[in-house]
């Protein structure tokens with residue numbers, strides 16, 4: 001049986017998700033947010049500040065620590081979404097962990113969102129939390 005606290009928590013999470021999804025591309029929505037999962041949203045721009053519209057975005061889980069970190073790119077499925085006309089994307093139901101954001105160029109070819117120091121930008125997804133990437137520039141080959 002649900003108690004008041006659990007019902008209130010479910011209602012608050014539902015309102016949170018409605019607020020997070022306002023103005024985000026419908027194609028990037030993966031349905032109802034599951035408890036214990038995280039959300040990621042952001043906007044991808046080209047080097048000349050143009051929105052990267054209708055592009056597939058994927059997350060690749062990071063493994064290891066320090067200099068021995070690695071990730072596996074899987075363009076065929078997994079966690080991801082599609083940007084809208086303004087380059088904005090939202091991905092829900094992400095298991096907590098560390099991820100690299102990949103932009104799929106074509107089948108088998110992706111580019112990672114990079115930091116200024118030349119390493120892949122890693123985002124930390126936490127349970128029941130929104131990670132807001134904001135606008136981010138990605139270099140296209």
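No value in this document is a laboratory result; all are computed from the given coordinates. Quick caveat: nothing in here was measured; it's all calculated off a predicted structure. In this analysis, Cβ positions are derived from the backbone assuming ideal geometry, glycine residues included, and neighbour counts consider all displayed protein chains.
Data table
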| read-out | value |
| --- | --- |
| By average C-beta atoms within 10 angstrom, highest first, the peptides 61-70, 105-114 | 105-114, 61-70 |
| Alpha carbon convex hull of region 28-141, projected area averaged over orientations, nm² | 7.1 |
| Residue 105 paired with residue 63, simple spin-label distance in nm, labels 7 Å along Cα-to-beta-carbon | 2.5 |
| Residue 54 versus residue 115: modelled label distance in nm, points set 7 Å from Cα along the beta carbon direction | 3.5 |
